[in-house]
Each structure stands twice: as C-alpha cells, then as structure tokens.
Amino acid sequence: MTKGISSYAVAAVAVIMLLAGLGLGALVGPSISPPINQTVTVTTGGQVVTSTVTQTSIVTTTLTAQAQTKEYTIGFAYELTGAQASFGNDMKDAGLLAVAEANALLEKSGYPVRFKTVVEDTASTPEGTVRAVQSLVENHRASIIVGPISSLGVAAVKGYLDQKQVVLVSCCSTAVTLKLPNDFIFRVIASADVQGKALSRSVLAEGFRKAVVIYRAEAFGESLFREFKKDFESAGGTVIGVPYQPDQSDYTAEVAKLSEEVRRSGPAETAVVAVSFQTDGLLILGEARLDETLSNVRWFGINTFRVPAFLPPQAPAEIADFMVKVSLTSSYTAPPNNPRYFAFLESFEKMHGRKAGPQAELGYDAAWVAILTILSAGTDAGQVLRDTVIPTARKYMGASGHIWMDEAGDRAIQDYTISRIIKEGDSYKWIDIAFYDASGNTVNPLTR
Amino acid sequence: MIEIASSLVRALQSGALYALMAIGLTLTLAILKIPNIAHAEYVTVGGYVSFYLINFAGFPLWQTVLPAFIFSGVVAVLSYLAVFRPLKTRKVSMFILMVASFAVSLIIRYSIYTIVAAANWGFGVKPKVVTNVVFRIAGIPITDILLMVLPITVVVTVTLYLFMIKTLQGKQMRAVADDPDLAVVSGINVDNVAVLTFFISGGLAGLAGAFWVVFTHAHPDIGLEALIRIIAASALGGFISYPGTLIGAFIVTLAENTVMDILNRNFGLSLALKPLMPMIITIVILVLRPAGITGLFSRQPRGRVAR
Amino acid sequence: MLVVDRVSKSFKGLKALDEISINIKPGHIYGIIGPNGSGKTTLFNIITGVLKPDSGQVIFDGRRIDVLEPNSIYNLGITRSFQLPTLWLNMSVAENLMLPPKQQVGENLRKAFFKKAWETQDMQLSDMVWQTLETLRLKQVALNKSSEISGGQMKLIELGRTMMSNPKLVLLDEPTAGVNPALALEIFKIIKEIKQSMGLTYVIIEHRYDMLFANADYIYLLNEGKVVSEGSPEKVINDPVLAEVYLGA
Amino acid sequence: MDFNQLISIIVSTANFYAIWLILSLSLNYEYGYTGILNFGKVLFFSLGAYSSGFLAANLANIMAGVSFDICSVEAVQLRLDLAKAVPQLPLLVFVASLIMGAALSAAVAYLLYISTSRIKEGFVLGIILLSAGETSRIVVRNYEPVVCGYHGLVGIPNPYTAAGDPTSASFLLSITIWVIAGVAFLFINKLTATPYGRKLKAIRDNELAADIYGKKPSHERRKVLMIGSAMAGVAGVLYAYYLGFVAADDFTSLKTFDIWVAVMLGGVGNHLGAVTGSLVVTLIDRGTRVLRVFLANLSIPLETLYLRWIIVGVLMLLILMYRPAGIIPEKSIKTLGLLRIIERIKREKT
C-alpha cells in the first residue's frame, strides 16, 4: 500500500521539480538580461534615462521627454562554433556592421527607432539552431532572426518559426527544398541553381568543355554540383564529380582522385572546379600544390576562394602562388564595380580590424533587409513583417547587388562578378574579368 | 597500378603520424589502465605550439618538434596529476576514468577554442610552413613531411622499445602494466611511473601534432578528428600491444587510402564514405577478435573493487 | 551425488587440473586441501560452470553439467561462495541476501509489473532473510551497503547467500580466509548447524587445516591438479604425502 | 517579463527536456541498472527519427498516388497540403511512426546484441555501439532514399493539424511529448522498483556472482538493451515531429555524450537522478546562453561562447571526484519484503 503511494509521490516530486526548475530558469534568464523591447529609453539633453515598463503603460517621467525611442531586437543565429565557425563569425560581424550603420543613420536623422542585436550560437547543428532561435525568440523577444548559414539549420527551425510567426532572413541557405511560399523563411541568396549556372557559364566562357568538380558532400555542395552539371551538360560539356566528406583534416585521397580524373579526361582541355569552403578549400589547394597534374590545369572556384584567408599574411605564400599558377577564377555575389560592395569591404575592415570573409556581403545584406523590413512595417508583428519583406527587399540595393525576391521569398536574380587572381610584385590581387548575366545565362567580359 | 602505389605512399605518411598519436593511447591504457580520450587533445596542443612558433616566432618546423613534445607532455602530466591520480587513489573503475578523460578533453579543447578566439588566430588556418615535394618516383610525390616523419617514427619506436626493455624505468613500467599491486609491493613508485608514462605519451602525441598541423591546418578540432583513427589503431593492437598499435595505424590509413581507392575504382563507392573505414575496422576487429582484448579488461565490478 | 570424472583443464599450457576424479556423496562435509596452485579453485569453477573443462565430465544427480551455463547449474542445486567475496557491492546486505532464492516471480520482466503477483513471495522472502540474518548475527548491518562492512562480515554474507539459495550441494571456497580465529570457529559452527538443520552437503576448500580436519568427514588432498591422497581426516593427516606436498620434501 | 513569454519559455524548454528525459531514463535503465555501456544511444534515437521521416514522406506520396522524389520541393508542399486536406492523416502517421520507431530500434538493438554475443566485455560492446552509430550516420547522410541524405527531410506535418491553427496544434504536440515522457518515467519506475530491478542491479554490480546465483546476465542485458532502445526510438520520433525535420547530420556521437553527462551528473541507478541530470544539462544550455549575453553587455573581452563546455567538463570532474554517486545517490529498491526488514530492525532498536 505504502509502496504504491511512494511511486506516485516520486513522480509528483519529479514533475514539481521539473516545473520549479524550468520556472527558475525562465525567471533568472530574462531578469539577468532584460527583454529589450520593453525597455523605453528616454533621451533628454545629454542624459539618458532608461526605465523598464510594460508596453501598455505610459511613461511618466519628471524630465521633459523629447522623443520616445523604440528599440527593436534583431536576433543573430550563426554558426559560431563547430564546423562552420569561421564562416559564421564573419557573417555575424557583417551583420553587426549593418546594424551599427543603421543606428548611426537613425540617430543622425533623429528618427526614434534603434536596433539592438543579440547573437546566439547554433553550434553548426540543426538542434543547436533550434535552441538558439528559441532563445532569441523567447528570452530576447527578437523581432526578426538573421542567419543561419546552413540549410539544415534553417530547415530545422522552419516549423517553429512558422508557428511562432517570426520572420527569418537567411544569408546563405541555398537548399532548393526550402523554396516554399507563404512561410516565414526568406533568403537573400539565390538557391543553388543560379550559382551553379554562373559557375558553369564561367567555365564554359573560357572554352572548356570538360570539367572535374571536387565538391563538399553536403547540402550546399551537392546541390551546387547538381545544378552545375545540369547546365554544363546542356551546353554539351561533360562533368565528373569527386565528392568528399567535409570537416576532415586529411584530403590526400580525394585530391589524388581528382588528379587521376583530370589525367584521364585530358589535362589540357579540362577545368578543375572546386566547391569548397574556407578550411577545406585551403587543405585541398595545399594538397593539390604537390600534384604535378593539378598544378598545370586551370582552376575555377566558388566565391569562398576569393577571400583574404587564402592570401598572405593569413595563409602561406605557397598557396597563393599556386592559385596564381593555375589562374584560379572565382565568382562572387555582387555586380561588377558595385560601389556598395567596396564600401562594405572598407567599413568592415574599419569596424572589425580584419578583412571580410567569403560571402560576408550576404550577411550584411541579410541584416539590412531585416532592418529595412522593420522600418517599413513600423511594427514587429510577425504577420505584417512577413508581408513586408519581399517588397522591401526588392527596393533594396545591397552590397551583393539587387535583392529581387520571388514569391517564395528567395532571391531570384543574383549578380555574379567573375574575377581572377594575379600577382603584382609581392602582392596578390583579384581582378574582375567578366560578369554573369542571370537573365540571359551568359558571361560577358568586362571592358574598361 | 601507379595510383595504388601512390596511395600506399600516402598511407605510409599519415600512418606514421597516426602511429605516433596512437602509441601514447596504448601506453596509458596498457600500463595505467586509463582509457584516455583526452589523449587526442594533446595532439591539438602540440599542433598549436608548433603553429604558434612557426607563425609568430618564425621557427622552422624541425625546431618546433621538441617544444611541442615537452609542452604536450607537461599538459598530459598535469591532467594526470589533477584528475587521474586523485581518481586512481579512489580505485574507481576504468569506465569512470574514461568519463573523466572525456571531461578533461572538453576542458582542454574549449580552452584552446577560447585562446584561439581571443588571440584572433582564426580557425582552420594553414601555418606558414608548408609541405613540399622533395622528389618524385614515377610521378609519386615524396614530401619532406614523409621524409621527416618516417625516420622519426622508426627512431621513436626503437628508442621506446629499448627504453622499455633496457632501462630501469622501462622495466618498472612493464612491471606496473603486468600487476600494479605486485609492483607496489616490490617497491616501485607507481606514481613516478605514471607521471613518466603520461609525459611520454602526451609528448609523442604533441610531436605528432607538430607535424600534423603542418600537414593539415590549425584548428582546435584536429585532435578530435583524429581520435577515431587513433582508437581504431589502438584497437587493432588489442589496446595493449605496442607494435600492434604501430601496425594498426598503418592498416587504418591503408584502409582509408588504398582500400577506399580500390573500392572506389572497382565498385564506384563514393569517396565521401571514406570516414566509414576506421569505424568498420574497429567493429570488425572487436567482433572477430575480442579475445586479445578481454585480457586487459578484467571483469571489474563497478564501484569499489573488493580486495 | 556429484561425480567429477577425469577432468583436465590447462591455462596457456599450464596444467591446472590433470584428470582429476572426485566423488561426493550426500549428507557429508568434504574438505579439499592443497598448496596454492594445486587446482582447488579451478575445480570449483569447473563444477559451477564458470570454466569449461578441456576433457572429462562432471555429473550431478545423474545429469551431465559441465556443458551447462552457471545459472542452469545453480538451478539444479549447486551453489558456491568465493574466496574473495563477490558481493553486489552497491546494494545493501539485506538485498544481497534477498537475491539468491530461485523462481522469484517478481524477477520476471513481464510479471514485475503486477505487484500482486510477487508481493506475498517477497514477504516470505523477508522472513527467510530475517532468519538468516539472525543465524549469522548480522542484523546490525542489514541495511548497510555491502561495500561498507568488514571483511569478516563479507565472508558471512557469502555464506548467507549460499544458505538463501536452498541448495543440495554447497561449495565453499575458503570460508574463513582473512577472518580472525574466533569468527572462523563461529563460521564452522554455523556451517555445521546448517548442515544439521537443512541436510546439506558441503565441499570446503580451506587453508586452516585444523578446523577442516575437526569438522570434515572426508578430505581430498590435491597437488598439481591431481588427488594425491584422500580419506578420513585421520587417514590424510597421517599420510606421508601430506608432509611431502607441503614441505616439498 | 509577461506571462505569455514565461509560458513559451517553459514550453519550449520542457519539450527538449522531456525528449532528453526519455533518453536519460532509458540510458539509466541500461547503464545505471544493468551496467550496459551503451555509447551508441544516438543510433537508436536516430532510428526513431528516420522512421518518422521515412513514413511521413512515403505515406504522403502513396496517399496522393504520386511518385515524387521525397526530397523535392513538390513533395514537401504535397505533405503540408495533404495534412491540411486530410487532417486525421498526420496523427495516424505519427502513431505508426511511434510503433515503427520503437520496433525498429529494438530490432536493431537485438541484432547488434546477438551478433556481438561472443564479446563478454561491456567496454568493447560500448565501442562497437559507438562505431555503429557513426557508421549509420555516415551511411544515411550519403544515401538519399531514407531521409534525403545531406539535405535532410523537411515538412513532417504536425500530428494535430486537425486542431486548426498551428499554435494549438504545436501545444497539443508538446502535451503529447510531456505525457509520453511522464509515462516513460512511470513505466520505468514501476518496472524497476521490483525484484526485477534488484536482479538487474545484481547483474550490474557483479556479473559473475549474478550468473552463479542463477540470474541470466546475457539474456537480461539483451532485453534491457531492446527496451531501452525502443524508448530511445520513441524519443527520436517525438524529436522528429517536434522539429518537423530530420537530418542524419544531427545525430553525431556528441548527442550520446550529452545523455551520458546527464545520467552521470544526476546519479546512476535511480530515476530521479536521470530526471535531475537532464534538467541540469538543459538549464546549463539555457543558462549559459543568457550568461553570454549578460557578459557581452558588460563588454568583457573574453569570448564566453565556449564557456558552456568548460563548465560541463568542470562540473563532471567535480561530481566524479567529490560526489561519485551523482547529485542524487542511488537508493535501495524498497520492495515490500525489504520494507518489512527495515520495519523489524526499527522495532528492535526501540
């Protein structure tokens, strides 16, 4: 008899402990870091008085209030640890730049809106992304989420965001399966098909009809390879793929395979295309350097190669020399000579003391789209924001070009500039040689 | 044929490095009965010592080897003194030691993460010194890393072997491996032996790390990434055999390079499946040949050992 | 009752048992003596199924048991104790004693859910445990964790577990090893008591020959895996082989 | 902080907590009670998730009579549309997934156990399970037909689509998750507070003695591993439906270690320990996120992102050294018989 009671008592205690623990966590959490959109900052003269009030209550203050500043929180969910950490940190910093710029402009104009950022780490895993986004939405009341890089992360939070009605603007997710209309997911990058075509056309434009592609065996790399292959073969070319598991520290076997495929297909008329990120790209180039065949063919790469991390002083000069030797040609997501792109690069370096990494312009644009959306909507109601993103983005000219979103909330047109690395004296430089015209699917050389 | 030959050369190169990493794991397991997962982190520590000296002090690679050895050895000894010794005196089970080593590995790895982030070194950066091709045999590149690592592995192996059988300390180590209680009774200071074992195994891992970082890149996860191969190599040696571990390391890399190459060539198996190889080796070895291993793991009751 | 028929066992070429034969009849106390390494514990391990013999067979109540698993041999009625106590260290003394009884309904995965099915049995069990605790004078530590009691008490629990399992044949491996002389005497007294009251058969390995010779009905002297002398205590004690074996003369 | 915010924090934390609780309970049943070193917990967890994704995707295709590639955007749209058109369907698929997830995990556990029956050492079995988990992850991520390989399977509909609006549907799902976790707790509690639990502990504490005293260690271990894996499979199904998404890349061995940390912190061999341990791990996750933002506001230059892991590591070491039994130490299984002995001893003392 007593036995039965104790078993249920144990269960009851467990449940009470669970609730108490959760309640404690929830109470402690926000009280350490007060939710910002409930904080009203009153600026009077040079003095700033901050008082926390509920949204409906009226601010009463003895000081003469000149203007009430409304503060919105933009939540950044980026890959700050794990496999894509170097990527995620760049995106986050680019986004922070956008918010700083926006706040400076708003302050100058005296418009009573400010933006606050909260950064959370997704640990480069789907579950980590869910936890990060939940914390942003619930602990910090983020009006809009910017990030993450990985399509898996975006896919993992899609259900949650649709239910909570919070808009997410992703910088870099390219998965085709997320091309769904009427959801809360928006992407300032074109899905893989556009980039695949641009890459394919840039190879074709140089007269190659054979290509060997070494690519990351994950969502991004695989879809890009698929689209590349489709377009390249439609133009009468042949493509061989060498997939590799990303996040390893040894790619010798894969590079040897690549070399073998190139030799088989004829080094003179074959282009090597690398679909890699920064860390694996460095390893692959470092290994390919030692290979005779691969040192004497033309290389093409995606935009990740066109970053300072591949050049001295951040990387050994031998790798940069190799890139020059094989005339590595890379495309990046911006229209040629876009002043905003160069302004972005400059401001980034000024703010963070280092050069922007691959695709950082997309992180910058994603944050700007989020900011402009809130400003145009004038509210942080999720439904309204969702309907505002597409028209707002269409009006925005970003560092990565014009962000024309289709009905699914994905970028429909992407500008690509094709550039090649050269060595001038002791320094290495990327020069723009052509641009990709998405509407005609052609590559046009740049003439100055 | 030439492809097979060149994959053999590649297997030899990374096999020698994995062998250096795995020997230490086998040493601590066989002598002290500590399954030290944190062993992989000593590789990372050595790698970062070498990376720092190369990139910020302008050292050539060969000069970074000794500092990496000593530094990693010291980190290993510290982890022994701070964690494993107190636990050992409590006579905890091998499993508890493994859990503790997992905690140690978390602490070391994320401390490195913190340092790298604070110093703004970047993740996945290539050190300034790179591998170079010294000469080619029939088109197969022979790199300077291979020419450095292979002799070092041979020298280290032979030295360690001689050390174990000729010197007093080596004999003590073997005595402790055979029967720790008996060793205590015969007047061996087990604690000194343990410190020495940790210094040597941590040092060897650090030494391997110094080369490994040049071969790959500087990232706090390089040790973790190598861990499965280290375990597989050690498993092939039955977790106790020191030459077995050596051969095991070569078998693992052989499977990852040559066997994978053959599978890819003849059966169209995607190279993306390469990381399966060490896992499959581990499973097959443990399922087919558990006898060599069960001797080590005597059936200890959990908690305090009745004695 | 138990017949060990020309059993051999070797470890890495070392012969631990060399065609050994033993015959145990019910209702007696048998003693097994011999120097270290003479194969006494190996013999127990083979009888209880922990080890499989290289050759020969073990027959219990007309049934060949050397092919069976330890748990099946136990269910036939053979139980044993160990020289180094192998208690369930994270459990209390009382629980250690509650475990041995056979056919506990509550130990069945499917029936465990239905408390009614096993409650009465568990209550009866507690009475048995209580009695055993009384016999062994262990009540004061009944609720202690079995890793936190003295070595002598551990030996008593080893003995208690054999009592709890309602066996026909009990093999005791040095029941008084590491125990003070007073308690050792006590232990043999208890063994005799149980033998009387429950009619059990005992086979005892013991280094304290004085006690064994005083209590056993029949002695086997083992050396290098063979029986070198057997018979009544008086016979074995006067056998010159005994001195030879122990003094190496 | 207003009430709704508090509620939503509790709800989402409790969802993860409940799923983690099922895993910790099952691991505690396997390790804490029976001493099985299951380093491959994530394998059985993932099998549950894969079965949900696989069933949801393929049944939707079959229902609609189309043969889309389950990974295509059309198929995703179809799944979501079909759920709205036939609102009972997702609930049905959910129940089917629960059954299939549990059965598949148990079956795989069975096969793995009998194929390694020659191995007597638990440590070796643990390493085999660990390797098996990683192997299955790499194979599934490279093999599209299961759950779309590296792309992951998007659009597993909420089982309570019939409820109408997404908020109440997801709340119903949350309640389902909690109820299942509660049932798991009661189930495992009732199962082990018996002579059966005592027998398992005997196998754990000393396998040889248990064998000598007539318990069948290998036999019982197999059953325990199967039941524990089935529970993990159920947790996997709940996880997949909660996220509405499955990807093989989510199931790295680090997840297994998270569960181990929870069990070791909480205290092995008692279910309250698992309850507490997974609560601590959950709160560390939320807590360090808050702490990080707090420290960032103080503009301390140190990167505190990695602090969480260092805290977990230090906490584990402290527990192992100073409180080896965990936060809540193991207690005797108080069956009626034992209670009677306790009573008698009390009576005798007075």
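Annotations for the structure displayed:
- If the condition is being hydrophobic (A, V, I, L, M, F, W, C), surrounded by 23 or more Cβ atoms within 10 Å (Cβ to Cβ) and over 17 Å from the mean Cα position of the chain (by Cα), then the range A:185-205 contributes A:198, A:199, A:203.
- Residue match in the range B:70-85 (condition: of a type in the set (Lys, Arg), open to solvent by 10 Å² or more (accessible area, probe 1.4 Å) and modelled with pLDDT of 90 or more): yes
- Within the range C:44-73, the set of residues being aromatic (Phe, Trp, Tyr) and either in contact with a His (Cβ under 6 Å, 6 or more places away or on another chain) or farther than 22 Å from residue C:99 by Cα (or both) comprises just one member, C:60.
- Pairs, first of a type in the set (A, V, I, L, M) in the range A:394-417, second part of a strand (DSSP E or B), C-beta under 6 Å, six or more apart: A:403/A:188; A:403/A:411; A:405/A:411; A:412/A:404; A:413/A:404
- A residue that is closer than 30 Å to residue A:204 by Cα and in contact with a Gly (Cβ under 8 Å, 6 or more places away or on another chain) occurs somewhere in the range A:356-364.
- Residue list for the range C:216-243, filter: in a helix (DSSP H, G or I), open to solvent by 60 Å² or more (accessible area, probe 1.4 Å) and within 25 Å of residue C:191 (Cα to Cα): C:234, C:235, C:237
- Residues that are of a type in the set (S, T, N, Q) and surrounded by 15 or more Cβ atoms within 10 Å (Cβ to Cβ), drawn from the range A:377-389: A:388
- Number of the condition not met by residue D:194 [criteria: (1) within 7 Å of another protein chain (Cβ to nearest Cβ); (2) open to solvent by 40 Å² or more (accessible area, probe 1.4 Å); (3) touching a helix residue (DSSP H, G or I) at 6+ places or on another chain (Cβ under 7 Å); (4) within 21 Å of residue C:114 (Cβ to Cβ)]: (2)
- Residues (over 12 Å from the mean Cα position of the chain (by Cα) and open to solvent by less than 10 Å² (accessible area, probe 1.4 Å)) located in the range D:223-239: D:224, D:225
- Only residues that are in a loop (DSSP other than H, G, I, E, B) and either closer than 25 Å to residue A:447 by Cβ or open to solvent by 40 Å² or more (accessible area, probe 1.4 Å) (or both) were counted across the range A:330-356, and they come to 9.
- Residues in the range D:216-229 that are within 7 Å of another protein chain (Cβ to nearest Cβ) and either in contact with a Phe, Trp or Tyr (Cβ under 9 Å, 6 or more places away or on another chain) or assigned to a helix (DSSP H, G or I) (or both): D:223 alone.
- Test for residue A:222: is it within 11 Å of another protein chain (Cβ to nearest Cβ) and either touching a strand residue (DSSP E or B) at 6+ places or on another chain (Cβ under 7 Å) or of a type in the set (Asp, Glu) (or both): yes
- Evaluating residue A:154 against the criteria (1) in the same structural domain as residue A:239 (by TED's automatic domain parsing); (2) closer than 27 Å to residue D:10 by Cα leaves one unmet condition, (1).
- Just one of the listed residues (C:135, C:120) is over 17 Å from residue D:337 (Cα atoms), of a type in the set (Ser, Thr, Tyr), more than 8 Å from chain D (Cβ to nearest Cβ) and surrounded by fewer than 21 Cβ atoms within 10 Å (Cβ to Cβ), and it is C:135.
- Selection within the range A:138-148: residues that are surrounded by 24 or more Cβ atoms within 10 Å (Cβ to Cβ) and at pLDDT below 90. The member of this set that is farthest from residue D:15 (Cα to Cα) is A:147.
- Qualifying positions in the range A:243-277 - in a helix (DSSP H, G or I), of a type in the set (Gly, Ala, Ser) and open to solvent by less than 10 Å² (accessible area, probe 1.4 Å): A:253, A:259
- Of the helices (runs of 4 or more DSSP H) lying entirely inside the range D:46-158, those containing at least 3 residues that are open to solvent by less than 30 Å² (accessible area, probe 1.4 Å) span D:73-85, D:88-115, D:122-141.
- Listed here are the helices (runs of 4 or more DSSP H) enclosed by the range D:255-350 that have at least 3 residues being more than 12 Å from chain C (Cβ to nearest Cβ) and of a type in the set (S, T, N, Q): D:271-297.
- Qualifying residue in the range B:113-125 (condition: without any contact (Cβ under 8 Å) to a residue 60 or more places away in the chain, among the hydroxyl-bearing types (Ser, Thr, Tyr) and surrounded by 14 or more Cβ atoms within 10 Å (Cβ to Cβ)): yes
- Residues in the range A:278-306 that are within 11 Å of another protein chain (Cβ to nearest Cβ) and outside any helix (DSSP H, G or I): A:289, A:290, A:291.
- Hits in the range C:155-165 (condition: in a helix (DSSP H, G or I) and either within 19 Å of residue C:198 (Cβ to Cβ) or open to solvent by 20 Å² or more (accessible area, probe 1.4 Å) (or both)): C:156, C:157, C:158, C:159, C:160, C:161, C:162, C:163, C:164
- Taking (1) buried (at least 20 other Cβ atoms within 10 Å of the Cβ); (2) under 29 Å from residue C:75 (Cα atoms) in turn, residue C:198 satisfies each apart from (1).
- The set of residues in the range A:397-443 being among the aromatic types (Phe, Trp, Tyr) and either crowded, with 23+ Cβ neighbours inside 10 Å or out of contact with any helix residue (DSSP H, G or I) (no Cβ under 6 Å at 6 or more places or on another chain) (or both) consists of A:416, A:430, A:435, A:436.
- Residue-level analysis places residue A:97 among those that are assigned to a helix (DSSP H, G or I) and in contact with a His (Cβ under 8 Å, 6 or more places away or on another chain).
- Helices (runs of 4 or more DSSP H) lying entirely in the range A:124-208 (those with 3 or more residues that are of a type in the set (A, V, I, L, M, F, W, C) and within 14 Å of another protein chain (Cβ to nearest Cβ)): A:126-134, A:151-164
- If the condition is being at the interface with chain D (Cβ under 9 Å from one of its Cβ atoms) and among the small types (Gly, Ala, Ser), then the range B:84-121 contributes B:100, B:103, B:105, B:111, B:117, B:118.
The values are calculated or read from the model by the stated rules, or taken from the named source; none is laboratory data. Note that this is a predicted model, so its numbers are computed, not measured. When we count neighbours, we look across all protein chains shown, and the Cβ atoms used for this are built from the backbone with ideal geometry, even at glycine. The accessibility values were calculated without ligands, DNA or RNA, using every heavy atom of the protein model including side chains. Shrake-Rupley method; radii C 1.70, N 1.55, O 1.52, S 1.80 Å.
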